[in-house]
Amino acid sequence: MLSCSVLAISACGSGSIADQTRENEKKAADAGNCGDLNMAVNPWVGYEASAYVVGHVAETELGCKVDYKELKEDVSWQGFGTGDVDVVIEDWGHPDLEKKFVEDKGGDGSATDFGPNGNQGIIHWYVPPWLAEAHPDILDYKNLNKYAKQFATSESDGKGQFLGADPSYVQFDEAIVNNLDLNFKVVFSGSEAASIQAFKKAEADKEFLIGYFYEPQGLFAEVPLKAVKLPPYTEGCQDVPAEVACDYPETELKKVVSTSWAESDSSSVDLVKNFTWTNDDQNLVAKYISTDQMDPEEAAKKWVEDNPDKVDAWLKD
């Protein structure tokens with residue numbers, strides 16, 4: 001008994017570290033050469049959930065060395081050409097960046113569209129639930145000016161405050177405010193965490209708040225924000241950013257990768273190409289991270305262990 005306890009980590013039973021190491025080495029050998037995987041991590045928790053789940057599978061099943069890099073969206077794309085970034089796992093649509101980096105869009109060819117990641121991106125203007133219930137007509141943009149004074153803050157110069165998000169996100173809020181003649185000023189929260197905190201506080205304290213937000217995002221399970229109706233999105237209505245006066249479209253989110261990495265023999269290429277999951281999948285991992293305060297790697301590990309069938313589908317050639 002004593003000898004087995006002392007030697008457990010090296011020789012006793014199939015669960016020893018030595019056995020696990022040999023198993024991981026065999027998996028890596030079976031999977032082929034993976035090497036380094038440079039994964040961009042853009043600043044919102046849903047993206048973080050996708051990045052760490054794919055990264056966890058790459059490390060444990062393919063033997064990759066994953067380097068997570070916290071970067072803004074536009075900086076991530078610049079990394080494709082330098083070799084600093086291999087994968088952007090969730091892109092919300094950047095026609096401006098495609099023109100610079102995607103060959104068939106007129107760019108230098110350093111970026112490649114790698115297809116949908118399965119998530120549907122939904123951006124709207126939102127108010128907290130209590131406000132929608134107390135003033136139902138506030139859910140139509142045509143009535144916003146009537147309430148502008150109640151939205152005013154010390155930063156909004158006497159106008160109503162519209163809470164913008166991280167300035168690096170895809171957004172046209174300043175143009176929409178101007179072109180719809182709304183008596184509001186866009187004040188940027190600066191981060192997803194700050195926007196979430198503001199909406200939670202507005203609901204708890206019954207404060208007037210209107211702002212930019214999006215799905216998939218775990219906040220909706222806790223605070224079911226209500227969308228404000230804007231003029232509907234039509235094809236081309238966002239082509240000229242300064243002239244935008246319409247709502248955001250529902251967006252099929254996709255993966256964008258480094259062209260040189262996509263053409264390499266890394267075994268992680270097929271994994272990323274095959275990766276898709278649902279908004280519910282992402283929201284669950286995001287909840288583990290943001291609400292349950294799990295480390296992103298622990299959250300990814302839990303989801304991967306609970307969903308072997310989905311993971312197996314990503315590992316097929």
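Listing for the model above:
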read-out: Residue within segment 124-147 that is part of a helix (DSSP H, G or I), farther than 30 Å from E263 by Cβ, free of Cβ contacts under 8 Å to residues at least 12 places away in the same chain and acidic (D, E) present; value: yes
read-out: Segment 168-194 residues that are more than 19 Å from E73 (Cβ to Cβ), paired with ones that are modelled with pLDDT of 95 or more and basic (K, R) (beta carbon under 6 Å, 6 or more apart); value: N183/K159; F184/K159; K185/K159
read-out: Inter-residue pairs, beta-carbon under 7 Å, first more than 20 Å from M39 (Cβ to Cβ) and in segment 284-309, second in a loop (DSSP other than H, G, I, E, B), 6+ apart; value: K287/G218; T291/G218
read-out: Qualifying position, being modelled with pLDDT under 95 and not small (G, A, S), among I122, I138; value: I122
read-out: Residue in segment 224-245 that is touching an Asp or Glu at 6+ places or on another chain (Cβ under 8 Å) and polar (S, T, N, Q) present; value: no
read-out: Any hit, segment 45-64, residues being assigned to a strand (DSSP E or B) and not β-branched (V, I, T); value: no
read-out: Answer residue from segment 58-72, given it is out of contact with any His (no Cβ under 9 Å at 6 or more places or on another chain) and surrounded by 22 or more Cβ atoms within 10 Å (Cβ to Cβ) and is nearest to V170 (Cα to Cα) among those; value: A58
read-out: Residue list for segment 305-317, restricted to those being in a helix (DSSP H, G or I) and either open to solvent by 20 Å² or more (accessible area, probe 1.4 Å) or over 10 Å from H56 (Cβ atoms) (or both); value: E305, D306, P308, D309, K310, D312, A313, W314
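Okay, residues lined up against (1) within 25 Å of H94 (Cα to Cα); (2) touching a Lys or Arg at 6+ places or on another chain (Cβ under 6 Å); (3) of a type in the set (K, R); (4) not in a loop (DSSP other than H, G, I, E, B):
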{"residue": "L182", "(1), (2), (3), (4)": "no, no, no, no"}
{"residue": "S195", "(1), (2), (3), (4)": "yes, no, no, yes"}
{"residue": "K201", "(1), (2), (3), (4)": "no, no, yes, yes"}
{"residue": "D239", "(1), (2), (3), (4)": "yes, no, no, no"}
{"residue": "S260", "(1), (2), (3), (4)": "yes, no, no, yes"}
{"residue": "S266", "(1), (2), (3), (4)": "no, no, no, no"}
{"residue": "L271", "(1), (2), (3), (4)": "yes, no, no, yes"}
{"residue": "N283", "(1), (2), (3), (4)": "yes, no, no, yes"}
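The values are calculated or read from the model by the stated rules, or taken from the named source; none is laboratory data. Remember, predicted model here, so these are calculated numbers, not experimental data. Here Cβ is always computed from backbone atoms with ideal geometry, including for glycine, and neighbour counts include all displayed protein chains. The accessibility values were calculated without ligands, DNA or RNA, using every heavy atom of the protein model including side chains. Shrake-Rupley method; radii C 1.70, N 1.55, O 1.52, S 1.80 Å.
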